[in-house]
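Scroll down for the structure; my scribbles are underneath it.
A short reminder: the numbers here are calculations on the coordinates, not readings from a lab. Note that the structure is a prediction, hence the values are computed from the model and not measured. Note: ideal-geometry Cβ built from the backbone for every residue, glycine included; neighbour counts use all protein chains shown.
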Amino acid sequence: MDLLQVRSLVTVTDEEMLPLPELFLHRSTLHGQAHVGRVMIHALRLVEATGFTECACPLWAAVYLHDIARIHDGRSKGHGADAWARLATLLDVCALFARGGVRDQDLPAIEVAVTLHSRGEADPGAAHKRLTDLIKDADGLDRVRLGDLNPRYLRTPQARTMVDFAERLYEETDGRFPPSRDLFGTLWRETQRLLEQGYGA
């Protein structure tokens with residue numbers, strides 16, 4: 001399955017792929033919509049590279065939620081759990097997830113992945129380890145913006161091949177596109193352009 005086919009598994013429009021800026025408790029340039037957008041791109045690429053297509057919709061939802069409850073940019077082990085707790089009050093987001101292909105049986109895995117993305121690792125052999133590893137690697141790839149990405153800490157071999165692409169995506173998009181309803185579509189087009197130029201091949 002190629003990247004376009006992976007994207008089509010999440011059955012919402014480009015304008016609905018990312019949380020809008022007002023959904024974030026902390027309006028951040030480090031952990032705001034642009035960061036979530038790049039993480040979303042890395043997540044879709046990881047699904048393509050690993051072949052774990054059953055993770056596409058749950059991973060989209062986990063990435064969507066993962067930083068919306070941050071209240072600052074510092075170390076915050078609990079912000080993943082706080083993001084999951086916020087979902088109960090966001091009925092429109094719940095409806096969006098259902099339209100996008102998230103099933104009720106996906107919710108426990110999404111909860112674990114969102115909670116653990118900022119705190120600890122999934123136990124080896126845990127039921128939700130695959131999804132947790134994917135979100136942690138997608139989020140980890142955007143550590144290029146902080147200048148401290150160590151590929152050895154990435155969990156999947158596929159993610160370790162994506163560091164150059166992550167650097168290029170950040171360099172080509174950082175600060176160029178303001179938060180907006182159209183940001184995912186813009187990042188998606190930039191991704192296609194970089195892939196056509198041979199980055200991430």
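Quick check on the exposure proxy: order Val114, Val93, Val144 from fewest to most C-beta atoms within 10 angstrom.
Values: Val114 29, Val93 17, Val144 20.
Ordered from fewest to most neighbouring Cβ atoms within 10 Å, Val114, Val93, Val144 come out as Val93, Val144, Val114.
A simple spin-label model places the labels of Arg189 and Arg86 2.8 nm from each other, with each point 7 Å out along Cα-to-Cβ.
Could you sort the peptides 166-172, 99-105 by per-residue average Cβ neighbour count (10 Å cutoff), highest mean leading?
Values: 166-172: 18.3, 99-105: 13.3.
Ranked from most to least packed, the peptides come out as 166-172, 99-105.
With an a/c value under 1.5 for the gyration tensor axes a ≥ b ≥ c computed over the alpha-carbon atoms, the chain is described as rounded.
Sort 4-10, 81-87 by packing, meaning the average of other beta carbons within 10 Å per residue, with the highest value first.
Output ranking for 4-10, 81-87: 81-87, 4-10.
In the stretch 53-168, Cα pairs under 8 Å separated by at least six residues give a relative contact order of 24 percent. Residue by residue, the stretch 132-139 carries 3J(HN,Hα) couplings of 4, 4, 5, 5, 5, 6, 4, 5 Hz when phi is fed to the Karplus relation 6.51 cos²θ - 1.76 cosθ + 1.60 (θ = phi - 60°); x denotes Gly or Pro. Placing unit charges on the Cβ atoms of the charged side chains and taking the dipole of the chain about its Cα centre, the candidate lying farthest along the positive direction among Thr173, His79, Leu91 is His79.
Under the convention that each Lys and Arg Cβ holds +1 and each Asp and Glu Cβ holds -1, the size of the dipole of the chain around its Cα centre is about 340 debye. Relative contact order, whole percent, for the stretch 3-196 stands at 27, derived from Cα pairs under 8 Å and 6 or more residues apart.
Between the stretch 7-33 and the stretch 82-98, the alpha-carbon centres lie 13 Å apart. With a ≥ b ≥ c taken as the square roots of the eigenvalues of the C-alpha gyration tensor of the stretch 80-187, please select rounded if a/c is under 1.5 and otherwise prolate if a/b is larger than b/c or oblate if it is not? Oblate shape, in that a/c is at least 1.5 and b/c is the bigger or equal ratio. Can you classify the stretch 64-127 as rounded, prolate or oblate using the Cα gyration tensor, where a ≥ b ≥ c are the square roots of its eigenvalues, rounded means a/c under 1.5, and otherwise it's prolate if a/b beats b/c and oblate if not? In terms of gyration-tensor shape, oblate. Only DSSP H runs of four or more residues enter the estimate; each adds -39500 (n - 2.57), and after division by the residues of the chain the mean residue ellipticity at 222 nm equals -15500 deg cm²/dmol.
If I take every Cα pair under 8 Å that is 6 or more residues apart in the stretch 1-103, average their sequence separation and divide by the length, what percent do I get for the relative contact order? Please list the in-between numbers first.
Details: 108 pairs, mean separation 34.9, N = 103.
In percent, rounded to a whole number, it is 34.
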